[in-house]
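Please read the structure below before turning to the comments.
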Amino acid sequence: MTNKYSSILKLRKWKEDGILNEVGRLNQVLETDKRKLSRLEDHISDHAQSMGEVLREGSVATLHEVGLYSSYLTHLSGEVRRQEKVVENRQTEMAHKRHELGEAARDRKVVETLREKAVRAELREHERHAQREVEDVSAIRHGRR
């Protein structure tokens, strides 16, 4: 009986470890996506600040240059929005995987509990059997007197 639970427990642990590895991989990807988003936001901030300084200082900037800069900042803003969606999707995926991990851990714990109960039952049965043998030997000895 214990062997049955042992193999099921191994399977549950294997499943839990697999999900845990996926959570770790997703966490790395999420952190990479967040860093990319942060770099994009910093890039926009730096370029917007540079353009503001050029315009405040009254430096010579043609209308064409201003248009190009504005177009570039618009492009970067679109990239930021796309990256925000990527990060949001990764966070949703991460929450789903963490939920799966919790379920897998609960499943493993249930099997561990069942296995422990089976081991205790086997031990009790073994002790009862040993006690019966002692009582039988004792009865036989008592009967000889």
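Pick out the one residue from Q91, Q83 that is closer than 30 Å to S38 by Cα and touching a Lys or Arg at 6+ places or on another chain (Cβ under 8 Å).
Just one listed residue meets the conditions, Q83.
Name the pairs whose Cβ atoms lie under 9 Å apart, with the first residue in the range 32-47 and assigned to a helix (DSSP H, G or I), the second of a type in the set (K, R), and 6 or more positions between them or separate chains?
Listed by first residue and then by second, the contacts come to D33/R90; K34/R90.
Out of all the residues in the range 119-138, is one or more within 26 Å of E16 (Cβ to Cβ), in a helix (DSSP H, G or I), among the hydrophobic types (A, V, I, L, M, F, W, C) and more than 18 Å from the chain's Cα centre (by Cα)?
yes
Based on what the data block shows, is R115 surrounded by 14 or more Cβ atoms within 10 Å (Cβ to Cβ), touching an Asp or Glu at 6+ places or on another chain (Cβ under 7 Å) and among the basic types (K, R)?
no
Is one or more of the residues making up the range 28-46 on the phi < 0 side of the Ramachandran plot, small (G, A, S), over 18 Å from the mean Cα position of the chain (by Cα) and loosely packed, with under 14 Cβ neighbours inside 10 Å?
Looking through the range 28-46, at least one residue is on the phi < 0 side of the Ramachandran plot, small (G, A, S), over 18 Å from the mean Cα position of the chain (by Cα) and loosely packed, with under 14 Cβ neighbours inside 10 Å.
Would a scan of the range 5-27 turn up a residue that is small (G, A, S), touching a residue at least 40 places away in the same chain (Cβ under 8 Å) and under 30 Å from V110 (Cβ atoms)?
yes
Does E100 satisfy the condition of being among the acidic types (D, E), surrounded by 12 or more Cβ atoms within 10 Å (Cβ to Cβ) and either within 18 Å of the chain's Cα centre (by Cα) or under 30 Å from R25 (Cα atoms) (or both)?
For E100, the condition - among the acidic types (D, E), surrounded by 12 or more Cβ atoms within 10 Å (Cβ to Cβ) and either within 18 Å of the chain's Cα centre (by Cα) or under 30 Å from R25 (Cα atoms) (or both) - is met.
From the list E16, E53, E22, E65, which one is modelled with pLDDT of 90 or more, more than 30 Å from A121 (Cβ to Cβ) and assigned to a helix (DSSP H, G or I)?
Exactly one residue qualifies, and that residue is E22.
The values are calculated or read from the model by the stated rules, or taken from the named source; none is laboratory data. Keep in mind that this is a model prediction, so the values were computed, not measured. Ideal geometry is used to build each Cβ from the backbone, glycine not excepted, and the neighbour counts take in all protein chains shown.
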